[in-house]
Amino acid sequence: MISSWFNENYIYSSKTRNYFKEVISSYNNENFRSAIVMLYSTVISDLIIKLQELRDSDGDKKAQTILSQIESKRIQKSSNGTQYDSSWEREIVDKIAKETDLIESHIKIKLDHLHDIRNLCAHPALSSEYELYQPSKEETVAFIKELYQEVLVKPPYYIGSVFDKLTDDLVIQKQNFHDDYDTLKFYLEKRYFNRMSDKMFLMIYKKLWKFIFMKDEDQQCIDNRDINLKCIRVMLNLRKELIFKEIKGDESYGDFSPNPEKCDLLIDLFISIPKLYEQFSPLLRETFETMLPDLPARKGVLSWYIHKDFYEYYTWLRNDEAINGEKGYSRPIVDALSTYFSNNGMDIEWIDYSILHFSKSGSFDSADSRFNLFILPILSKISKDQLVILMNGINDNFQVYRRSRSWSDNTKIVNETSKRFNLDESFFSDYQNFRYNKDIDEDDF
């Protein structure tokens, strides 16, 4: 019994699902000739059903042309007028294989072979011993499996240009999935990638890559870079090793000139896909790394993938004066950094770095911003030793202790830490530049 090998719900057409049940029934009853005949009829019928749907629902001109040509051939009788010409069966397979993405070359060969076996099974093809042709059990199930996977489960839009349909769909859907990667991944996997061959998958990936990083004169490509990049991220998460092998074997993936916008997009990919950075050529990596310090919003700081390990990156982050000086970070950068530290089990190091970065504030405004982004989120987790480092950092930096907001910010530090560490006023008064609102009940210390 092979019924359990197939999920009939994956078959796109309801009509085809019913026909396929007959194929399975014939096989299970060891009627292999009948199974072969019915399988071939089911596949041809399925192709026609998909062409009709594209013609009727999408107005697909390619589908309409193929159907018109096949229909005229299908109803045409032989030269003597006694029978219909069956050559249209092969012709529809030929046309779909040549003009669409539905049938790849090896499946075309398989269908041609199935056509020949079908003829042997359906006609009184007798052996030298006057026995009808009998396909083997193994041959029959091999045909069923491959054509189920390569034809029957594929949706009709594979008949057109899958890439065009995908990119058009992404444009339509980009507002719906703007901030919802997981839903986008589910949608693309189910609608496009789940039943797609590796060959087609890589073809689409490479075209999307060119759309994002190489088509600088095409405004539509530029406008849709973000959603196309999300699609590439989905594809990498689905078949990462396949794409890694493709990138390493094809230097054209690095054949473009990085600019700040493209580096920004590359960072998003490198952050979300571990090991992706390592797959690219040394030349691209070198060019990319030289641009990191000057990217807008200090996004280049999210570059742990270029370092040997976390500790090398952490050392660089702590010691880079340009990073910790005047420029500072935006909230998305801080959130990405915090998540990276947390995911690597380095919560203590994140608190240490937050204190350092705040202590290096180069202006009043920078100190205000860094207190909100770095200090407030860690106050409830800070240790006493880390509090001492924070107090020294505040006490020693004019830009931190002389700003107008220092009183209210310092009071928040006192309120959060005094009870937890059993500190009295003398602890805070040891830092002469640390001023705060002392109108607090003694019980609060």
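What lysines sit close enough to Lys412 to cross-link, taking a C-alpha to C-alpha distance under 22 Å and skipping anything fewer than 8 places away on the same chain?
Lys360, Lys381, Lys384, Lys438
Could you sort 426-432, 88-94 so that the peptide with the highest average Cβ count within 10 Å comes first and the rest follow in order?
Details: 426-432: 13.0, 88-94: 17.7.
In decreasing order of mean packing, 426-432, 88-94 become 88-94, 426-432.
Give the Debye-formula value of log10 I(q)/I(0) at each listed q (0.13 Å⁻¹), with one equal scatterer per alpha carbon of the stretch 311-445, two decimals each.
So the normalised log intensities work out to -0.54.
Among the lysines, which fall within straight-line cross-link reach of Lys275, defined as a Cα-Cα distance under 25 Å, with same-chain neighbours fewer than 8 residues apart omitted?
Partners found: Lys185, Lys199, Lys206, Lys207, Lys210, Lys230, Lys240, Lys245, Lys248, Lys262, Lys299, Lys308.
If you take the charge dipole of the chain about its Cα centre, with +1 on Lys and Arg Cβ and -1 on Asp and Glu Cβ, which of Ile75, Thr339, Tyr313 is farthest toward its positive end?
The residue sitting most towards the positive pole is Ile75.
Tell me which lysines have Cα within less than 16 Å of Lys73's Cα, excluding those fewer than 8 residues away on the same chain?
Within reach: Lys95.
Assign unit charges at the C-beta atoms only (+1 for Lys and Arg, -1 for Asp and Glu), then state the dipole size of the stretch 161-256 relative to its Cα centre in Debye, rounded to the nearest 20. Intermediate values should be presented prior to the final figure.
Values: 18 positive and 18 negative charges, 93 e Å.
Charge dipole, the stretch 161-256, about its Cα centre: 440 debye, nearest 20.
By how many nm would the segment from His106 to Lys275 lengthen if fully extended, with 0.36 nm per residue of separation less the alpha-carbon distance?
Details: separation 169, 0.36 × 169 = 60.84 nm, distance 3.30 nm.
My answer for the length gained is 57.5 nm.
What's the extension gain from Ser342 to Ser363 if we count 0.36 nm per residue and subtract their Cα-Cα distance? Write down the numbers at each step before the final one.
Numbers: separation 21, 0.36 × 21 = 7.56 nm, distance 2.85 nm.
Taking Ser342 through Ser363 to full extension adds about 4.7 nm, to one decimal.
Sort Cys221, Cys231 by Cβ crowding within 10 Å, fewest neighbours at the top. Intermediate results must be reported in sequence, preceding the final value.
Working: Cys221 18, Cys231 26.
If I rank by nearby Cβ atoms, fewest first, I get Cys221, Cys231.
With each run of n ≥ 4 DSSP H residues scored as -39500 (n - 2.57), what mean residue ellipticity at 222 nm is computed for the chain after dividing by its residue count and rounding to the nearest 500 deg cm²/dmol? Walk me through the intermediate numbers first.
Values: 22 runs with 256 residues, N = 445.
Result for the chain: -17500 deg cm²/dmol, rounded to the nearest 500.
Could you tell me the calculated FRET efficiency between Asp430 and Thr290, based on Cβ-Cβ distance and R0 = 41 angstrom, to the nearest 0.05?
On the way: r = 46 Å, r/R0 = 1.12.
The pair Asp430/Thr290 has a calculated efficiency of 0.35.
Based on the mean of other beta carbon atoms within 10 Å per residue, what is the order of 110-118, 176-184, most packed first?
110-118, 176-184
For the stretch 161-256, what's the relative contact order in percent, using C-alpha pairs closer than 8 Å and at least 6 residues apart? Write out the running numbers ahead of the final one.
Working: 43 pairs, mean separation 30.0, N = 96.
Relative contact order, the stretch 161-256: 31 percent.
Going highest first, how would you order 161-169, 146-154 by mean Cβ packing within 10 Å?
Values: 161-169: 16.9, 146-154: 20.7.
Listed from highest to lowest mean packing, they are 146-154, 161-169.
Sort largest first and round to whole Å: the equivalent ellipsoid semi-axes of the stretch 3-159, each the square root of five times a Cα gyration tensor eigenvalue.
Details: eigenvalues 135, 92, 32 Å².
One finds semi-axes of 26, 21, 13 Å for the stretch 3-159.
Taking the Cα centre of the chain as origin and charging only Cβ (+1 Lys, Arg; -1 Asp, Glu), how large is the dipole, in debye to the nearest 20?
Values: 59 positive and 72 negative charges, 233 e Å.
The dipole magnitude comes to about 1120 debye.
Mind grabbing the base-10 log of I(q)/I(0) for the chain at q = 0.07, 0.12, 0.13 Å⁻¹? Debye formula, identical points on the C-alpha positions, no solvent, two decimal places.
With no solvent term, the Cα-only Debye profile gives -0.57, -1.04, -1.14.
Just want to confirm a number: the relative contact order over the chain, from Cα pairs under 8 angstrom separated by 6+ residues, in percent. Before the final figure, lay out the partial values.
Values: 414 pairs, mean separation 36.7, N = 445.
Over the chain, the number comes to 8 percent.
Taking the Cα centre of the stretch 3-159 as the origin, how large is its charge dipole in debye, to the nearest 20, when only Lys and Arg (+1) and Asp and Glu (-1) carry charge on their Cβ atoms? Before the final figure, lay out each step's value.
Numbers: 20 positive and 24 negative charges, 71 e Å.
Around 340 debye, computed over the stretch 3-159.
Which log10 I(q)/I(0) values, to two decimals, does the stretch 167-300 give at q = 0.10, 0.21 Å⁻¹ under the Debye formula with one point per Cα?
Treating every Cα as an identical point scatterer, log10 I(q)/I(0) equals -0.31, -1.48.
What percentages make up the Cα-Cα pair-distance distribution of the stretch 373-445 when the bins are 10 Å wide from 0?
19, 60, 22, 0
Once you have the Cα-Cα distance between Ala122 and Glu189, take 0.36 nm times their residue separation minus that, and quote the gain in nm to one decimal.
Numbers: separation 67, 0.36 × 67 = 24.12 nm, distance 3.93 nm.
Result for the pair: 20.2 nm of gain on full extension.
Please name which of Leu184, Ser197, Leu236 has its Cα lying farthest along the dipole of the stretch 161-256 towards the positive end, using unit charges on Cβ (Lys, Arg +1; Asp, Glu -1) and the Cα centre as origin.
Looking along the dipole axis, the top candidate is Ser197.
Read-outs: derived from the displayed coordinates by stated rules, not from any lab. Keep in mind that what you see is a predicted model, and the values were worked out from it rather than measured. Neighbour counts are summed over all protein chains in view; Cβ atoms, including those assigned to glycine, are modelled from backbone coordinates with ideal geometry.
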